[in-house]
Amino acid sequence: CVIRLVAPLKKLLEVHQLTKLFSEVEMPLACVLAKMELNGVAIDSELFGRLSKELGHDLDALTSEIYRQAGQEFNINSTKQLSDILFTKLKLPVIKRTKTGYSTDADVLERLAQNYELPKRLLEYREKSKLKSTYIDALPLLLHPETKLIRTSFNQTVTATGRLSSSDPNLQNIPIKTEIGRQIRRGFIPRAEGRKILSADYSQVELRILAHFSEDPKLLEAFKEDLDVHQYTATLLYNAKPQDVTREM
């Protein structure tokens, strides 16, 4: 069946003028990705072990605090029980309804967290719980017993944007916005002593395109002066000096 597809697909490539892209970019890239998959990725298992313990303690403390604020123990991961606590027992404002009752999704909790402490703690619990189960506890279990490396699959033709994607496990979605996320990223290390991991990208390419089309004077100035565009934006928004801008701002 696959070989019967060659002729019609080859014709389609020609019709859409994609033959050059296919032969000069996609096919050579397949070989590069195969090597990357075989090479694997190294992680610092000791660091992941420490993070797991620390996060375990944090989650225990958060659980106790959530129970205290709720006035009783309940299954934090149960949407039904959580809904009963927030909206029936504590009478918090209902933001969104579902077919089965009241919604307790992230959007609802974020809005409630602006005025109430319990939803804030619940969001923290969910974030830490997810990071622990998805990355900190899961990744060390995927290490190959002999090579001690993790092997992901890189997919060339999955995303709508044409970017690569990574699966089993997804190594292109490691969080960076929170301190815990940054610690998880530090757990990815070179495969051998004395080597380094190099990170390179098209520097803010979308923002540069935006500056070109919008001709926004401030955005153009930021790129012409080679400023840190995010820091510069924060100085304008918060009316602050560059040295006073924090990471959160």
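The values are calculated or read from the model by the stated rules, or taken from the named source; none is laboratory data. Every value quoted in this text rests on a predicted model; they were computed, and no experiment measured them. Glycine also receives a Cβ, built like all others from the backbone with ideal geometry; neighbour counts cover every protein chain displayed. Just so you know, the surface numbers come from the protein's heavy atoms only, side chains and all, with ligands and any DNA or RNA stripped out. Shrake-Rupley method; radii C 1.70, N 1.55, O 1.52, S 1.80 Å.
Solvent-accessible surface of region 95-200, averaged per residue with a 1.4 angstrom probe and all protein chains in place: 68 square angstrom. Each part reduced to its alpha carbon centroid, region 149-167 and region 182-249 end up 25 Å apart.
Measuring r between the beta carbons of His230 and Arg126 and using R0 = 30 Å, the FRET efficiency lands at 0.65. Once each of the trypsin sites (Lys or Arg not before Pro) sitting in a DSSP loop with at most 16 other beta-carbon atoms within 10 Å is removed, the chain keeps 1-90 as its longest stretch. Straight-distance candidates among the lysines for linking to Lys196, with alpha-carbon spacing under 20 Å and chain neighbours fewer than 8 residues away dropped: Lys35, Lys148.
Carbon-plus-sulfur accessible fraction, region 98-180 (probe radius 1.4 Å, protein heavy atoms only): 50%. Remark: relative contact order (the chain) = 18 percent; criterion is Cα-Cα distance under 8 angstrom and separation of 6 or more residues. Of the chymotrypsin sites (Phe, Trp or Tyr not before Pro) in region 180-249, the ones in a loop by DSSP (not H, G, I, E or B) with at most 12 other beta carbons within 10 Å are Tyr202.
Each part reduced to its alpha carbon centroid, region 17-45 and region 73-95 end up 48 Å apart. Calculated FRET efficiency, Arg208 to Thr157, Cβ-Cβ distance, R0 = 35 Å: about 0.85 to the nearest 0.05. By definition, a body whose alpha carbon gyration tensor gives a ≥ b ≥ c is oblate when a/c is 1.5 or more and a/b is not larger than b/c, and region 105-249 fits this oblate description. Not counting ligands, DNA or RNA, and with a 1.4 Å probe, what is Thr147's accessible surface area in Å² rounded to the nearest 10? It works out to around 60 Å². Exceedance of the 20 Å cut-off in Cα-Cα distance is limited, within the set Lys132/Lys177; Lys53/Lys128; Lys80/Lys177; Lys120/Lys177; Lys96/Lys120; Lys53/Lys132, to Lys80/Lys177. Karplus-based coupling profile of region 233-249, in residue order and whole Hz: 4, 5, 4, 6, 5, 9, 6, 10, 7, x, 5, 8, 6, 8, 4, 5, 4, with θ = phi - 60° in 6.51 cos²θ - 1.76 cosθ + 1.60 and x standing for Gly or Pro. Heavy-atom accessible surface of Ser203, to the nearest 10 Å², is about 60 Å², with a 1.4 Å probe and all protein chains retained.
For region 191-208, the Karplus equation 6.51 cos²θ - 1.76 cosθ + 1.60, evaluated at θ = phi - 60°, returns couplings of 6, 8, 4, x, 8, 10, 9, 9, 10, 9, 8, 6, 4, 6, 4, 5, 5, 5 Hz by residue, with Gly and Pro reported as x.
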